[in-house]
């Protein structure tokens, strides 16, 4: 939309209005309250603009977030140069010169009356309550009547033959979907055009339109209140984009000065759906999205193989209780109680030895928590008990799983703790045993990945008093929790799927010099012995860390550190002397830490970190990914101790950097390596990245 606005604004009038809005919040509020009146007053003051330009401004600036996104796009350096990387309305292709024009691939969406499906419902006119409509989606030239607030194009780089699934999800008591009529499929043809591969409904619109436009039957609820649905686009079960579609509903609909129907892209891993990005993400068994419903509840949206699709809703309190129950189990295993860590609490696995009684008791504790967490969600998520069993069967073999989140940082789902084998938690724990096949592999040091249990064929599965760690998603699947590249309405670069290197992959180390970090020297030497760390890319102070981050060519930026909260609740990372200056997200911004060609993975290994839990750590995750342009971030569910930090990091780096495993595989491999030694606490690590992220030679 930036480029189109600039085309409409050859005299600079729109630019002037945007700048006025930026400088004068009152003027912006007047526009938000009544855009037509505000524009009329501007015209009276001699500031004319075309009707098309006025309409575009009203469509874009529907709230303060919309204004900030429009302003940032319009005034970005790329836009000023006229070479915006992602204009929402691209310049028409130039025909001639013997070259074939590239087809336009604008994503258009909207609604249509049931009896006139070929004609889009006017965006300015509300829908009527308790009335059937069609929601439609088409990719091609812009469709008049589209409700996309910022239209997005699918570029030519998408590989020919690529198939994208389009799935709709509803909200309770809002727009209704028809069962079995909520998933369609589109395909990129060899000539670049996008056609419908799997139709949803076939209204009387003619074959030509049915071949390019998906029609989903929907029905408004019987109430005159705003209603919503969510439209997700998947590639190989990977969630690529998610749109929140909102509509006004009125018994006597009258066209207003603002759109009554709007579709806003609010989650994206790729601003352009670049073909290399799509292919690099790999194939997921399952994608799960968690989003805030805006009414005190949170929605889970599942989409998996064989068009498995469903959703569930939990209140914020119920979801938070389940998350705390799962993390409480991890704390109990780590230091003996469920309370937050305090100095003086002892690490229960400090001896590093295989203690079968301890392992048995801890696996039972974690399995009971993980099973309760899973069963509290699964029947709702799957849409009934039969579908729940279908999901369990589908997930039995190892696969890649993506968990995306549209909620605040307090609700990071500890999906690694999901336990999906049957378990009778009504029996006393003394009646429970641990899978003998697993224990035999541990005693004989047989790599767990090679055993029947961790290949989906556990002989104990179905025995409700036998615990096998292969029942945990974190031990059986390659998980990733990618962070959206969108930030405050603006978009960052595409999600990274490959980190390139020349020579060999490296780690840039940033360490705390706290004298209580007794294992740090040995840990540093181990990474150097693996030829992963060097003395050159090394920082042991805050300022050195900032300089190192800005100059690094390494594939991983590693923090072996402390962390916590300032007196006013701001999360920080402590590098160097614990009494020295802290690293905060503001510090990153002030020092312009932003990676371009080289986008490393950030690993925050915060030992004895009392407050940098996911609730606060996600501030760093979002800052590193959305502002600093990192490929992803690894963090932890709870406070960790040095033996966990060193053992997990060394194995994860070895598999990710040396063996070329994907990040999901490397995290799982490091968890299994610790489990092989009798320690289940590898489950505490969270990879905030696409699970298919990997390193590769440049």
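The figures follow:
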item: Whole-number percent relative contact order across region 487-697, with pairs defined as alpha carbons under 8 Å at least 6 apart; result: 23 percent
item: Hydrodynamic radius of region 501-595 per Kirkwood, over alpha carbon pairs, in Å; result: 13.9 Å
item: Separation of the residue 198 and residue 544 label points, Cα + 7 Å toward Cβ, nm; result: 5.6 nm
item: Order by protection proxy (mean Cβ within 10 Å, highest first), peptides 436-443, 418-425, 206-213; result: 418-425, 436-443, 206-213
item: Ranked by how many other beta carbons lie within 10 Å on average, peptides 300-311, 526-537, 216-227, 670-681 from highest; result: 670-681, 300-311, 216-227, 526-537
item: Estimated FRET transfer efficiency (residue 429, residue 515; beta-carbon r; R0 35 Å; 0.05); result: 0.30
item: Space enclosed by the convex hull of the alpha-carbon atoms of region 315-478, per residue, Å³; result: 135 Å³
item: Region 575-698 - percent relative contact order, Cα under 8 Å, separation 6 or more; result: 24 percent
item: Full-stretch length increase - residue 356, residue 51 - with 0.36 nm per residue and alpha-carbon distance subtracted; result: 102.3 nm
item: Spin-label pair residue 257/residue 457, simplified geometry with 7 Å Cα→Cβ offset, distance in nm; result: 7.0 nm
item: Full-stretch length increase - residue 464, residue 144 - with 0.36 nm per residue and alpha-carbon distance subtracted; result: 109.4 nm
item: Overall dimensions of region 220-260 as given by Cα atoms, namely Rg and Dmax in Å; result: 14.3, 43
item: Sites residue 250 and residue 393 - FRET efficiency at Förster radius 51 Å, r taken between beta-carbons, to 0.05; result: 0.65
item: Whole-Å semi-axes of the ellipsoid equivalent to region 106-280 (Cα gyration tensor, √5λ, descending); result: 27, 16, 15
item: For region 487-697, the spread of Cα positions along each principal axis, largest first, Å; result: 42, 38, 32
item: Extension reserve of the residue 567-residue 187 stretch, reckoned as 0.36 nm per residue once the Cα distance is removed; result: 131.5 nm
item: Mean Cβ neighbour count within 10 Å, used as a protection proxy, ranking 314-320, 574-580 highest first; result: 574-580, 314-320
item: Euclidean distance of C-alpha centroids, region 190-249 and region 312-375, integer Å; result: 42 Å
item: Two-site FRET efficiency, residue 591 against residue 698, from Cβ-Cβ distance with R₀ of 25 Å, rounded to 0.05; result: 0.40
item: Separation of the residue 535 and residue 439 label points, Cα + 7 Å toward Cβ, nm; result: 4.9 nm
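Any read-out appearing in this document is the output of simple, stated calculations on the displayed coordinates, not a laboratory observation. Predicted model only: the values in this text are computed from it and were never measured. Every residue, glycine among them, receives a Cβ derived from its backbone with ideal geometry; neighbour counts consider all protein chains shown.
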